[in-house]
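These notes concern the structure reproduced below.
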Amino acid sequence: MAAQHSPALPELGGRKPSYRERVADALRAALIAGELHPGEVYSAPGLAARFGVSATPVREAMLDLAKEGLVDTVPNKGFRVTAVSERQLDEYTHVRSLIEIPTTAGLAATAALADLEALRPVAQEIVSASWWATRP
């Protein structure tokens with residue numbers, strides 16, 4: 001795997017997430033952005049170097065991703081990224097639209113203006129992070 005520049009691990013709103021949570025979020029983002037390829041095996045030490053943390057939170061995060069079905073463990077090697085079919089992606093998108101759109105619309109209609117304004121910096125962080133993930 002070629003060395004790649006990765007952003008600092010995210011710290012978005014609320015409580016400060018653990019390294020494990022931050023690494024899991026960064027790994028999910030790398031999966032979504034296509035930086036980690038289906039079928040390829042990645043070692044915890046290799047990913048740890050990429051994110052600037054020790055191998056322990058990476059192993060823990062990868063075990064979380066394995067529970068979610070995003071990776072499979074490969075004994076004595078690391079973790080293999082699972083392939084997701086177009087049909088599965090369509091199903092995920094459909095389920096998310098059923099949940100997220102009505103929830104977001106309902107919250108936007110009932111939230112206080114000050115509460116919505118307080119979310120603006122977090123929204124900007126999301127936009128900035130998504131810009132980084134989509135760069136060539």
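The values are calculated or read from the model by the stated rules, or taken from the named source; none is laboratory data. Treat the numbers as computed from the prediction; the structure is a model and nothing was measured. Heads up, the Cβs are rebuilt from the backbone with ideal geometry, glycines too, and the neighbour counts pull from every protein chain shown. These area figures cover heavy atoms from the full protein model, side chains too; ligands, DNA and RNA do not enter into them. Shrake-Rupley method; radii C 1.70, N 1.55, O 1.52, S 1.80 Å.
Scanning the stretch 46-105 for residues that are of a type in the set (Gly, Ala, Ser) and farther than 15 Å from Leu31 by Cα yields Gly46, Ala48, Ala49, Gly52, Ser54, Ala55, Gly78, Ser97, Ala105.
Results for (1) open to solvent by 80 Å² or more (accessible area, probe 1.4 Å); (2) within 25 Å of Arg22 (Cβ to Cβ); (3) acidic (Asp, Glu), shown as yes or no for each residue.
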position: Ala55; (1), (2), (3): no, yes, no
position: Met62; (1), (2), (3): no, yes, no
position: Thr82; (1), (2), (3): no, yes, no
position: His94; (1), (2), (3): yes, no, no
position: Ala108; (1), (2), (3): no, no, no
position: Ala114; (1), (2), (3): no, no, no
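Please specify each residue of the stretch 54-70 satisfying the condition of being more than 13 Å from Arg80 (Cβ to Cβ), assigned to a helix (DSSP H, G or I) and not small (Gly, Ala, Ser). Across the stretch 54-70, the qualifying residues are Thr56, Pro57, Val58, Arg59, Glu60, Leu63, Asp64, Lys67. Quick one: would you say Gly39 is part of a loop (DSSP other than H, G, I, E, B), on the phi > 0 side of the Ramachandran plot and within 16 Å of the chain's Cα centre (by Cα)? In short, no.
So that you can scan it fast, the table gives a plain yes or no per residue for (1) of a type in the set (D, E, K, R); (2) modelled with pLDDT under 90; (3) under 17 Å from Pro38 (Cβ atoms):
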| position | (1), (2), (3) |
| --- | --- |
| Asp64 | yes, no, no |
| Glu86 | yes, yes, yes |
| Ile126 | no, yes, no |
| Pro136 | no, yes, no |
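Restricting attention to the stretch 19-34 and to residues that are surrounded by fewer than 16 Cβ atoms within 10 Å (Cβ to Cβ) and touching a residue at least 12 places away in the same chain (Cβ under 8 Å), the residue that is nearest to Asp72 (Cα to Cα) turns out to be Ile32. Consider the stretch 35-53 and keep the residues that are over 22 Å from Ala83 (Cβ atoms) and open to solvent by 40 Å² or more (accessible area, probe 1.4 Å). The one that is modelled with the lowest pLDDT is Gly52.
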